[in-house]
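The block underneath contains the structure these notes are about, expressed in C-alpha cells.
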Amino acid sequence: MSSKTLYTLTSSQKMMIFVLSMSLYGLSNMFTELIPSFQLGPIELSVEYFAFIPLTLCILFHPLYAAVGAALGEVIFGELMLGQFGGLGELEKFLTFSFAMYVAGRLVRNPQNRMQVGIAAMTGVIIHQLCSTLVDIGKVWIGVEEFEAVPGLAESVVLVEGVSFLNDVLFSGILFALLPTLYLVPRLYGKIEPLLGIKPRVSTTRYEAAGIISPKLVITGIVLALVAFGAESLSETDWNIGEWDSGFADRFGIGAIWLSLGIAAVIAVVTLLVLRARKNRNAQSGNVENSPYA
C-alpha cells in the first residue's frame, strides 16, 4: 500500500453528504434568524452563521459536496422557502461561502489533529468574511452602491467594513466556528462516517488534487471572487436578474421562519434515518464500502 492512497466516493455517498449538509446548515440558518442581535455602541454583535456545521462536514467528509450542499441549503431554506430571492446577489454569497468551506476542508489532512482543525476553521471564516468585505468595499468605490458613514468621505466604508470584518471573525468566527468545530470533529470522527459506509479519514488519504494549496485552487479562487464581485455589483443595478419577493415572509413574519425550519428539520431527520438504515443493511450483509473520498 502506498503512503498516500487516493479514495473515491460512490454516487449515493456524494448525494447523502450533499443532502445532509444542505439540510443541517439550512436548519441552523433558520435558528440564527430567531436570535436577536445586540448593539454595543457602533458595534453590532450578532450571530452571522453556525459555520461549525459545514466546517465539521467538510473536514470529516469530502469538502466539495459538503460545502456546495451547505451553500445551497442557505439559499433554499433562508431565501426560497421564505418566498424571496435576491437574484444575482445570492450568487456572491453562494460562491464565496462554498469556496471558503471547501478550502477549510482541504486544509485538514488528519481530523484528529486539533491544530489543523483549528487553523482550518478560522481560515474558512476569514476567507468568507474577507471576500464579502472586499466585495462591499468594491461596490462603493465603483459607484454602484452609496455608502458614506462620514458625510463627504466615501473611503469611510473601509473603516466601517473593517470593523464589521473583525467583529464577524472574532465573535462569530470563534464562538460559532472555531470552538464548536474543535469539539465536534474529534468526537464525531469514526462515528458518523460508517453511517454512509465510509471509512474514517486518516493522514495517508488524499484527494484527487495534489497538494493543499495548488495553482489550480488559487486560480479557481480568483476567478470565483471576480465572478462574485461582478454578480454582486450587477445586483445593485437594473440588471439584477431573478430577484423576487412574494411577500410571504412579510405576511406571516416569524411563522414563515418556523415553517422553513420545520421543513429543513424533516429533511435532516429523514436523511439521518436513511443513513441509519444503510448502516444496518451494510452491517447485516457485511458490505462496508471502502471508497470514502473522491
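The values are calculated or read from the model by the stated rules, or taken from the named source; none is laboratory data. As the structure is a computational prediction, the values presented were derived from the model and not from experiment. As a convention, Cβ positions derive from the backbone with ideal geometry for all residues, glycine included, and neighbour counts pool all protein chains shown. Areas reflect the complete protein model, heavy atoms only, side chains present, ligands, DNA and RNA absent. Shrake-Rupley method; radii C 1.70, N 1.55, O 1.52, S 1.80 Å.
Of note:
- Gained length - Asn113 relative to Phe31, 0.36 nm times residue gap less alpha-carbon distance: 26.5 nm
- Cβ-based net charge around Phe61, under 11 Å, with every Lys or Arg adding one and every Asp or Glu removing one: +1
- With all protein chains in place and ligands, DNA and RNA left out, the 1.4 Å accessible area ranks Phe50, Phe61 as Phe50, Phe61, largest first.
- Residues Ala265 and Ser46, FRET efficiency given R0 of 25 Å [Cβ-Cβ distance, rounded to 0.05]: 0.65
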